[in-house]
Every structure is written in C-alpha cells, then in structure tokens.
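One structure below.
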Amino acid sequence: RLAPPSAEPRPPPGPGPAPRSPAWAPLRTMTMSWLACCVARGGDEDPMSADKLLDESAVANADFFDCYESALELEEARRNAEPGHLSCRPALELPAAAVAAGGAPSGGPRNEQVTPMGGRAGCCDVDDLALSAANAAAALGADCCEELANELSVAAKVLERTRERWSRRVLDLRKEALQEFKNMREELPSWADLRQAQRMLKANIGDVAKAVDVFLQAIELRAMNTDMYDNLVCDTVCCDMRIIGRDVLDHPVVYMCAGSQNGPLRHLISQFVVTFEAACKLAAASVDKSEGRVYFVFDMTGMRPHLFMDWAVMRELAKTLGTVFAERIFRIVVVDFSRAAQAIAWTVKQLMTEVTRNKFAFVGEAKALEMCSRDFDGAAIDNLRSSLKINRDASSTTVDREMHARRTAIHTVPLGPMPVE
C-alpha cells in the first residue's frame, strides 16, 4: 500500500534538455526508501529502482508487497510480529545524494537486509528520525526539504566518524587494561543514533569536528556510569530535586530548593544526573513538542554557599551538561538568588557554552510565578507554587518538606515512591 508521490505537472516529451529535477527530489527518494520497508517489485521480480518509484506510470503498474504508511502502523506490526512478514527489506537502489543523506546504500545482495544510516537491525527497521522526516516531507516546501536533507547528511557524517573513533577508543582503553572498560563493545551503544548526532551538531553550531569530540565524551561518560544512566540509580539523595510536572510545550519541569541540600555538592551530582536523565526519557515520549529538552527551576532560598564550594565538581558538572546533556536544557529559572548565589552561578556559567548561558533567567519569587504561570500547565504551576510556599514557611519541619516533595513529584526518580500512610 505504498502511496505514489503526489502528482506534479510534467512537460510533454520532446527535443531539448531534460527537465531539471526539483531541489527536494533526493529527499523524496530517500523518504520513499525509508517508508518502503518491504520489497517493491515489478512483474519481472526485479527490485524497482528509485527512479522508477518517482515515475507515476511505473508505480501504477507495479506489484507491491504489504508495506506501512505511518510510524503508528509500523510499531503495531512490530509489537504483533506478524507471521509471514519475512520478506521485509528495503531493496531500493538509491542515488548517491540519498545515500549521502543517510539512506540505504545502493545495490547490495537481495537476500541481505540493508539498514539506513543510524537504523536498527531487524524486520521492517526504520530509524525513528528518518521515519519522522519521511512522514513530514510531503508537507514541506522545496527549501525546507533541501535544508532537512543537508542536515541529515551532516548528522550521518557525525555519526559515522563517531562510530570509527569510538571503535579505536575502546581498543586503546582495553590496552590500558582499565577494569571499567573490560567488557566494553566496539559498537556504538543503542542510544547513540542519528537523532543524537543531530543534537550534538546543533549544540556545536554545525561544527562537525567539535560535534564528534563531544559525542565521544558523552559516550565515554555514560559508559563509565551505566548504573546511573541506564538504571537511574543514584548514590544518595541529599535534596528535594525532582520532576514536578510539564510546561505547555511538554518539557518536563525539574525543581530543586537549595535550602533542602544536606550534603556537599559532590554528593548531589548523581541525584542531579539521574533526575535529568529521567526527565529526558519523559521528554523523549513527546519529542515533537518538547524536542527532548527539560525546564529547570532552582529555588535558592535557604542556600548555604559553603556546600557548593568545590571547583573540581563544578567542572565535572559543566562537562556532563555540555556532553551527555548537550542541547537538553530548555530554560533555567533561578529564584531569589543572593549575592553568593550570583557568584556561584557566574562561575558555573563560565564553564558552559554561550547557547546554554543564554538560557538562564534570574528572578524573584513573584516574577518566577508570573513567568511560570504562562509557561506551565495547571498541575506543574500548582506544585511549584506550593513548593515555593512551604520552603519559605519557617514553621514547616524537615519531615513536612520531605513529604511535600514526594507528593508533588510526578516520577519516582530520585525520591522514590510516595510512602503509604
């Protein structure tokens, strides 16, 4: 049921140069290759070339196997594992432009599955980003499609270079006999896909070399702390940092009151990482609106500056933000910042990229509530308002604040489930 391309006026055949293909033709070819998860064959059982797929008359006379036209339909087939759906493999012959943009390589044996750049091996595999681009391509104009094709092409280059350098890096680490890398695989981890390559590229303003370096650092940091990133396990909980809701664009909202911190900054790192990672996982479920980013509110009331005075930990935190969580921050609202808080914030900001620095907003309580009332949904603003109130209430006890933190969390990470009363 592969839908043919939308009809376009075609000049009648005749003498003179062949009409020029539209600027977005390579992307349309690439789009159709991603959607054609099953083999499209004519009556002679030969694989149809991409050029034929762009020819409405050829498409009209072709015999197509059962294919899927949307991400939803494809995911349903994956879950149900339909019997008899065994001939699924993209057998399209793509032009060089489509291959450069991350499509399947042209040609190739018929009996071997060809997976697009960044794709996952298996029946009917289509990279999520590629599939999203394919579903959206028909609604885009020529300029937008050409820009998207270029972006995917560069992101594919970042991913391929990262794959090559990671393989060499693992071999070097094994030679150094480092225990934490003893069982490390030379292949990229499953999360390191085309979407992440795009994120790294965006965080580094299109600089491919820097994007590859940052990507490698992110992979290595995650590899050294798999329990934190994969299982969301932190060493200790030493403050009320938690996810309290979402904003109107579906970004998860993370809140922390500095007055709740009961240990030095180095004890806070693991809690921060697992909370941020949990929020990123929530954001990934609504990536079309939130773009996988997170909204932070840091309430500085009751802050004890000496707990933050650890330069080495600050550098480690800044490195994590700039690599693993590159381009993951949507906004950071700092509430009721004192002079000491300003000094700490200034120090941390110097270790961040200019793009991240520009996402900070330093405001008082009233301005924070005014801003967040516009940005947050009903539940999130209610949780923020009650959190600001109880953390400024001198009569509230530590137990009161801890119970309130658990009641206003929408995720069990990192505070754990709400205790049964």
Could you tell me which numbered condition CYS234 fails, if it satisfies all but one of (1) surrounded by 19 or more Cβ atoms within 10 Å (Cβ to Cβ); (2) of a type outside the set (Gly, Ala, Ser); (3) in a helix (DSSP H, G or I)? (3)
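Could you list all residues from the range 383-402 that are in a helix (DSSP H, G or I) and touching a residue at least 12 places away in the same chain (Cβ under 8 Å)? I'd like the intermediate steps shown before the answer.
Quick first cut of the range 383-402, residues in a helix (DSSP H, G or I) only: 383-390, 398-402.
Within the range 383-402, ASN383, LEU384, ARG385, SER386, SER387, LEU388, ILE390, ARG401, GLU402 qualify.
Tell me the residue from GLY292, GLY302 that is on the phi > 0 side of the Ramachandran plot and within 13 Å of the chain's Cα centre (by Cα), please. Step through it out loud before you land on a result.
Values: GLY302 fails: within 13 Å of the chain's Cα centre (by Cα).
GLY292 is the lone residue from the list that is on the phi > 0 side of the Ramachandran plot and within 13 Å of the chain's Cα centre (by Cα).
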Could you grab me the full set of residues in the range 220-247 that are among the small types (Gly, Ala, Ser) and at positive phi? GLY245
Conditions first: (1) open to solvent by 60 Å² or more (accessible area, probe 1.4 Å); (2) assigned to a loop (DSSP other than H, G, I, E, B). VAL413 passes all but one, so which condition is the exception? (1)
Scope the range 181-213; condition of a type in the set (Gly, Ala, Ser) and surrounded by 20 or more Cβ atoms within 10 Å (Cβ to Cβ); matching residues: ALA192, ALA197, ALA203, ALA211
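The values are calculated or read from the model by the stated rules, or taken from the named source; none is laboratory data. Note that this is a predicted model, so its numbers are computed, not measured. Every residue, glycine among them, receives a Cβ derived from its backbone with ideal geometry; neighbour counts consider all protein chains shown. Ligands, DNA and RNA are stripped out before the accessible areas are found, and what is left, the full protein with its side chains, is counted by its heavy atoms. Shrake-Rupley method; radii C 1.70, N 1.55, O 1.52, S 1.80 Å.
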